[in-house]
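Worksheet: one structure, shown below.
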Amino acid sequence: MKVTLFNEISLDGRYIYDSLNPSLYYSVAADIKCDAVMTGSISAKSGLQTVSHEEPEDLKIPVKDKNSELPYLLIPDSSGLLKGLLHEYRRLEYCRDVIVLLSNNSPREYFKYLDDRNYRYVVAGINKVDFHQVFIALGDIYNIKNIRSDAGGVLQSVLFEKGLVDRLILIISPKIIGSGNTLLNFSTGETELKYVTSRMFDKGYLYVEYEIII
């Protein structure tokens with residue numbers, strides 16, 4: 001399994017949730033070849049401005065799931081935060097379907113909610129998702145070999161702490177924000193990086209890419 005952490009940050013290292021240059025951000029994201037895209041449940045919930053009613057079609061695996069060129073959308077959600085909301089993500093055109101990552105102690109009613117709507121899920125870990133085991137299962141069951149993680153600082157920090165990140169790609173925006181979350185929300189210890197490439201875009205946006213040295 002190869003995991004690429006991808007985010008946009010400011011010059012002072014603040015995580016930017018709503019891209020300052022969406023066309024550039026999504027263009028770069030589309031060029032990162034992957035079998036699945038991962039985002040955190042908190043980011044997924046906060047990203048919903050409105051929530052529509054579930055329709056009968058939302059209870060089925062979507063037709064676009066047959067398009068193997070589309071990535072799956074992975075959402076770790078051991079607490080069931082997205083119960084009643086997942087249909088909004090199932091409808092997204094850029095993903096085949098949603099795969100929810102759970103722990104053994106995830107709420108029983110959340111399992112029922114997922115089963116009733118034909119959502120795929122992978123269970124690993126007792127109270128929190130065990131990403132080592134989840135990634136093995138994703139490879140074995142769904143042949144997922146490359147993941148792009150667009151998550152917020154907490155999930156990205158967990159992946160770093162567990163030694164699961166192989167590559168770091170950042171878009172650095174020409175702006176100082178001065179407050180807010182950083183790229184990693186807690187210390188993960190010292191990590192050595194190997195420079196791969198960089199390039200400048202219009203209006204001072206900088207793309208940088210590093211490999212993680214184990």
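The values are calculated or read from the model by the stated rules, or taken from the named source; none is laboratory data. It should be emphasised that the depicted structure is a prediction, and the values quoted were computed from it without experimental measurement. Positions of Cβ are backbone-derived with ideal geometry, glycine not excepted, and every protein chain shown enters the neighbour counts.
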*For SER79, indicate whether it is under 19 Å from SER157 (Cα atoms) and in a loop (DSSP other than H, G, I, E, B).*
yes
*asked:* Going residue by residue through segment 99-122, is there one that turns out to be closer than 27 Å to ILE9 by Cα and in contact with a Cys (Cβ under 6 Å, 6 or more places away or on another chain)?
replied: no
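Looking only at strands (runs of 3 or more DSSP E) that fall completely inside segment 88-153, which ones have 1 or more residues that are closer than 19 Å to SER68 by Cα and among the basic types (Lys, Arg)?
Working: elements: 98-102, 120-123, 146-149.
Fully inside segment 88-153 and qualifying: 120-123, 146-149.
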*Output yes when any residue across segment 141-156 is more than 19 Å from SER41 (Cβ to Cβ), in contact with a Gly (Cβ under 9 Å, 6 or more places away or on another chain) and touching a residue at least 12 places away in the same chain (Cβ under 8 Å), and no when none is.*
yes
*How many residues does segment 52-94 hold that are crowded, with 20+ Cβ neighbours inside 10 Å, closer than 20 Å to ARG148 by Cα and touching a helix residue (DSSP H, G or I) at 6+ places or on another chain (Cβ under 7 Å)?*
6
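Okay, residues lined up against (1) in the same structural domain as SER10 (by TED's automatic domain parsing); (2) farther than 20 Å from GLY189 by Cβ; (3) touching a residue at least 60 places away in the same chain (Cβ under 8 Å); (4) among the aromatic types (Phe, Trp, Tyr):
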{"site": "TYR121", "(1), (2), (3), (4)": "no, yes, no, yes"}
{"site": "HIS132", "(1), (2), (3), (4)": "no, no, no, no"}
{"site": "LEU159", "(1), (2), (3), (4)": "yes, no, yes, no"}
{"site": "ILE169", "(1), (2), (3), (4)": "yes, yes, yes, no"}
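Out of the residues in segment 1-35 meeting the condition of being touching a strand residue (DSSP E or B) at 6+ places or on another chain (Cβ under 8 Å) and of a type in the set (Ser, Thr, Tyr), tell me which one is nearest to LYS194 (Cα to Cα). Full working, then the answer.
Filtering segment 1-35 down to residues touching a strand residue (DSSP E or B) at 6+ places or on another chain (Cβ under 8 Å) leaves 1-11, 13-16, 19-21, 24-25, 28-29, 32-35.
Applying the additional criterion that residues be of a type in the set (Ser, Thr, Tyr) yields 4, 10, 15, 19, 25.
Working: THR4: 14, SER10: 21, TYR15: 22, SER19: 26, TYR25: 23 Å.
Once the filter is applied, the top-ranked residue is THR4.
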*Under 7 Å between Cβ atoms, at least 6 apart or on separate chains: pull out the pairs that start in segment 64-87 with a residue that is without any contact (Cβ under 8 Å) to a residue 12 or more places away in the chain and end on any residue that is among the β-branched types (Val, Ile, Thr) and buried (at least 20 other Cβ atoms within 10 Å of the Cβ).*
none
*asked:* Any residue that is touching a Phe, Trp or Tyr at 6+ places or on another chain (Cβ under 7 Å), in a helix (DSSP H, G or I) and surrounded by 13 or more Cβ atoms within 10 Å (Cβ to Cβ) - is there at least one of those in segment 26-38?
replied: yes
